[in-house]
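The values are calculated or read from the model by the stated rules, or taken from the named source; none is laboratory data. This one's a predicted model, so the numbers in the text were calculated from it and none came from an experiment. Neighbour counts run over all protein chains shown; Cβ positions are idealised from the backbone, glycine included.
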Amino acid sequence: MFGFYDLQMPGFIQGHLTHVSNKQQGGTLIGVTVMGFLSALIVGPCVAAPLAGALIYIGQTGNAMLGGAALFALSMGMGAPLIAIGTSAGKLLPRAGAWMDTIKAVFGVMLLAVAIWMLERIIPVSATLVLWAILFIVSSIYMGALEALKAGCSGWIKLWKGLGIILFIYGVLLLIGTAAGGKSMLQPLKGITGTASTVGQATHLEFKTIKGMDGLNRALEEAKAQNRTVMLDFYADWCISCKEMENLTFTKPDVQAALKDTILLQADVTANDEQDKALYREFGIIGPPAIIFYDAQGNELRNYRVVGYMPATKFSAHVKRAFQ
């Protein structure tokens, strides 16, 4: 994407496929089938990943209507632009030029960002923040953040440079914050700028970790004996939404106040072993994040389940309704 090297199918194979495709007679079923097969062979690697993700999700939900609608939407989203461009004889396509290299570079940065986002599930937080900082700083340099503006340059170049400076500053802040023990990308200097008002204040909820159905049942029996409500949180290190709940929801004072009389249990399903899968089956969920509430008698409040990320304000109100 950045022009350093090219990885592509060998030229003799491309030439042979093109020759076979061009020999096909238009307007015949066999010709169309062969051309479609060759096109699928070339485009297949681009389609395989999103198609596999869609099929896995559909298989887990077991909803035939949803599956059919999702695959139909995927096919229309891919096919409709091709039909529009093909029938227009290329008139809808912009002219080739140097701007295409810029588009490639932008998409290259986006691909690297997705790679780092995926790595967040398996590498330490500090390593992830360093990777984000490197991506921002290097991208800003290519955007001209450290270069002087030439006289009479266009407004677009000035805008590009301004965005580059912002990325550069943010990348440096991430490096400094990570070196100081920061763990948040949204608040890179939080480890440095702690104030006296936050000293001694609990920043995270204290959870008791349970494992499997046996661990959950024991914890529920103990809570029932104490006549206390229970919140069970499904968590995994590779779950991004779980970390959002942990850093953006569970740290808020109103959430902590709403849960002050509640026993907090956490099922760490990072390993995704047989005991973890048994918990999934028990509650009929696909995986984290999911939060289950129990009343003081140990009965699940099924109508108050939370699946996915929920902001602090909504979550605290949700807890109050569940335990009122």
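Among the residues of region 91-117, what is the count of those that are under 21 Å from LEU175 (Cα atoms) and loosely packed, with under 11 Cβ neighbours inside 10 Å?
Initial filter on region 91-117 (under 21 Å from LEU175 (Cα atoms)): 109-110, 112-117.
Next, from what is left, pick out any that are loosely packed, with under 11 Cβ neighbours inside 10 Å: 114.
Total meeting the criteria: 1.
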Every residue from region 184-223 that is within 16 Å of TYR294 (Cβ to Cβ), outside any loop (DSSP other than H, G, I, E, B) and either modelled with pLDDT under 80 or not β-branched (Val, Ile, Thr) (or both): LYS208, MET213, GLY215, LEU216, ASN217, ARG218, ALA219, LEU220, GLU221, GLU222, ALA223
Considering residues of region 229-246 that are within 16 Å of ALA312 (Cβ to Cβ) and surrounded by 18 or more Cβ atoms within 10 Å (Cβ to Cβ) only, the residue modelled with the lowest pLDDT: LYS243
Residue count for region 223-242, restricted to those that are touching a residue at least 40 places away in the same chain (Cβ under 8 Å) and out of contact with any strand residue (DSSP E or B) (no Cβ under 6 Å at 6 or more places or on another chain): 9
Options MET65, MET78: the member that is without any contact (Cβ under 8 Å) to a residue 40 or more places away in the chain, on the phi < 0 side of the Ramachandran plot and surrounded by 14 or more Cβ atoms within 10 Å (Cβ to Cβ): MET78
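Residue-by-condition table, conditions (1) closer than 30 Å to GLY3 by Cα; (2) at pLDDT 85 or above:
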| site | (1), (2) |
| --- | --- |
| GLY62 | no, no |
| GLY68 | no, yes |
| ALA73 | no, yes |
| ALA84 | yes, no |
| LYS91 | yes, no |
| ALA96 | yes, no |
Matching option when the condition is closer than 28 Å to SER184 by Cβ, of a type in the set (Lys, Arg) and without any contact (Cβ under 8 Å) to a residue 24 or more places away in the chain, among LYS252, LYS314: LYS314
GLN266 in contact with a Phe, Trp or Tyr (Cβ under 6 Å, 6 or more places away or on another chain), surrounded by 15 or more Cβ atoms within 10 Å (Cβ to Cβ) and either free of Cβ contacts under 8 Å to residues at least 60 places away in the same chain or not charged (D, E, K, R) (or both): yes
Spans of helices (runs of 4 or more DSSP H) in region 225-324 with at least 2 residues polar (S, T, N, Q): 312-323
